[in-house]
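The values are calculated or read from the model by the stated rules, or taken from the named source; none is laboratory data. These numbers were taken from a predicted model, which means no experiment stands behind them. Glycine gets a Cβ as well: all are built from the backbone with ideal geometry, and neighbour counts include every protein chain shown.
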Amino acid sequence: MVGEYTNKRVGRIIAAGSRSLIDDAVKVISRLKAIHMNDYQDDQDGFNLGTPSENNDVLGNQLSTYRSIMAQTEAKGPKETVTLDEARNIINDDFTNTVESLVQMFSRMDEIRDEINNSSSEMEILALLEPLGIDLDLLGGYSSIASFVGVCLKPSLITEIKLPEGVLVANNQDLVAVFCTPQHQAMISSVLESAGFQPLEIPEGEGAISELIEHVSESKRELSGELASIESKIEQWTGEHGAELCVGLELLEMDFSESEAPVKIAVTDHTFVIDGWVTDDRSEEVIDALGPYCQHIEYEPVKPTISNHHHHEGHTSEPKPPVAFGDHGASAPMELLTDAIGRSDYGKMDPTVFMLFSYPLFFGLMLGDMAYGLLTISLGIFVRRSFPDDNADQLIRYFGMLLIYIGTATVFFGYLYGEFAGFEFLPHAYPKYATEAACNYEWANGACYKLAEGVPAWASWMTALYPDGGKIHYVLELPYDLTLAYPFHRVSSDLMNLIVIAIYIGVFHLMVGFVLGAIDEFRVGHGWQGALYGKFSWMIIMVGGFMFCYDFYKEDSIHLPGLVLVSIGLVLLVVHLMHEGLPLAISIILAPIEAIGLLSSTLSYIRLFAVGIVGVKIAYAGNDMLYSAAMEGFQDGGTGILIGAIALIGWFGVQMFAWVLGLVSPNIHAVRLHFVEWMKQFYVAEGEPFDAFGFEERFIEVDKTT
């Protein structure tokens, strides 16, 4: 099953009950994870916002503690889920005490690190002062003597000048210590300033500096030992209790989420009211679960209805239904693309399923190399296996599956093109030679074939994957110069065919967009009028414009039926613009301008051939210049082996660059063709994603109804 073509139907649920049961009701809806809550509106007379549960502050403090510990450990959760009762038994008083002791250990570790840093700074200063040979307590702390201890950029200026009596100078290279009476303090300060003096902050202590250094060093060793001991204890504790820590954190997060939930609910002194949305397929489950705690439950499915006004009119204070993805099945990874641009309004067509076919098709057409496709598939498998199958990593797993999809398409088109790592390894047919005698190459299957040159054996063996070793060339001629071939040599003989195919893909892709838009207009838009004037008009312009352009290109003449269709489409488009509120004169001018824009949208699909050709040429240049040089170097021997090794490394780098560029550039252009050219024909991202209230458990298995 590739998936559903529309979003899930939802319904409005309003449930009311006694305020004394609000915590129980919140617990149920949190564990159901099925209700998209509507925010409380201030204009609801008689209602106020609910308040957090009484234990909210306690839970918040405990949660902060657990999160702090998790951030500093590498604890891993249990391999199997545990029940809610088991989780609560784990988080008992004894375990809480050990967690608090762990917090104290981390606090002590921070203190030790600060002390070690301070000791290191102190040792650096003491090591500078030691050569002076003066006890530490003699370097400062005088009341009647001024002392200057520090480093000079020009210490010779101090020793060369004649200092007054009573001034003592001790120096060792750049380190100086000057002592003087207060009356000479100003003069000494001026001399030191001219010498580039930088004072040092003298540590506290007394006695020989060498002994102090040994003392600080010993203290530092003791602190390091204590730090290592604590780290060992924490590592041991994490190994023994890490799973319980993860379970405890998840339990606290769940309880804290439930304790804060009442702030989303409107309350009076005696009642509470839950207002939200539920997907139709879970409505009965939700109603049954809330039944014991709510005296009144009202559920009304929302049916998409035809608009009786334009999209810019008729605003209402009622909340719009949120948009919940349907069961996409195999197309679920394409939700990454849909959510990137935003969800459509409720009830409209969902493009996710359609992109399952078109997005890999576009990517494969552009990259089209078996080697790069296999690398992309391998990357996708690696991403999938690197993350467990749980909701927390679902988006990453979707990304991995998307890589597998586009990689598979790349392998398919690489096979069709006969390309591997930039090498075109298939023989090329030359049917212009009418007879076998006139053929200068190899004659097979009624045609003359030229074998690929310069292709290494590790790539050329792939000709065995084709009938007759690739010496075939089936051509299917279709109307309007559309040519399909097998194999399809896009870089040489079939290049023009690829350009035509790219344009026709654009025409078809845009037409699908118009059809989807017409379906939406008819079902949930402005009815048959919106479908006729707003979308069918573009289909007529597209068909008429195509016929007109093709006939003009082939026969250099005006195609009257195509011109008539374009004119009819423009008239319908003018009517559509007038329905949108534009005056007749402006509509008449604007309609042809917008129609011309359709031509640029169609021609934008030419990138399907252009991007791929650029990628192939990059890989071809690396093969022609570096790979051939590497092989020649290895054959020459001697210094040629070194040159060959360097060239081979360079070739490998070019291949990796071509692959990475092939991942990035075709993705960018495929996204542009979908988001800019295709979706604008029918898609408006005005919907709010369906976000079910509740905490997503990973390690705890809960009963969703109690």
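So the values come out like this:
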item	result
Matching option when the condition is surrounded by fewer than 16 Cβ atoms within 10 Å (Cβ to Cβ) and modelled with pLDDT under 90, among Val273, Val263, Val247	Val263
Subset of region 354-406 [under 30 Å from Gly513 (Cα atoms) and hydroxyl-bearing (Ser, Thr, Tyr)]	Ser358, Tyr359, Thr376, Tyr398, Tyr405
Subset tally (residues that are outside any loop (DSSP other than H, G, I, E, B) and surrounded by fewer than 12 Cβ atoms within 10 Å (Cβ to Cβ)) for region 191-210	3
Lone qualifier among Met70, Met37 - being outside the structural domain of Leu249 (by TED's automatic domain parsing) and within 19 Å of Phe256 (Cβ to Cβ)	Met37
Pairs where the first residue, in region 312-338, is more than 30 Å from Ala670 (Cβ to Cβ) and the second is surrounded by 12 or more Cβ atoms within 10 Å (Cβ to Cβ) and at pLDDT below 90, C-beta under 7 Å, 6+ apart	Pro319/Asn38; Lys320/Tyr346; Lys320/Glu688; Pro321/Val302; Pro321/Tyr346
Any hit, region 456-477, residues being within 30 Å of Leu560 (Cβ to Cβ), touching a helix residue (DSSP H, G or I) at 6+ places or on another chain (Cβ under 9 Å) and outside any helix (DSSP H, G or I)	no
Residue identified as closer than 30 Å to Leu245 by Cβ and not hydroxyl-bearing (Ser, Thr, Tyr) among Asp23, Asp39	Asp23
Subset tally (residues that are over 14 Å from Ile234 (Cβ atoms) and surrounded by fewer than 18 Cβ atoms within 10 Å (Cβ to Cβ)) for region 91-105	6
Residue that is in a helix (DSSP H, G or I), of a type outside the set (A, V, I, L, M) and at pLDDT below 85, where the choices are Ser587, Ser567, Ser557	Ser587
Region 619-630, subset surrounded by fewer than 16 Cβ atoms within 10 Å (Cβ to Cβ) and aliphatic (A, V, I, L, M), residue nearest to the chain's Cα centre (by Cα)	Ala621
Evaluation of Asp280 against (1) of a type in the set (D, E, K, R); (2) modelled with pLDDT under 85; (3) over 23 Å from Glu697 (Cα atoms) (one fails), failing number	(2)
Qualifying position, being touching a Lys or Arg at 6+ places or on another chain (Cβ under 7 Å) and of a type outside the set (Phe, Trp, Tyr), among Ala177, Ala195, Ala170, Ala146	Ala195
Residue that is modelled with the highest pLDDT [pool: residues in region 691-706 that are among the charged types (D, E, K, R) and in a loop (DSSP other than H, G, I, E, B)]	Asp691
Ser283 being crowded, with 21+ Cβ neighbours inside 10 Å and among the polar types (S, T, N, Q)	no
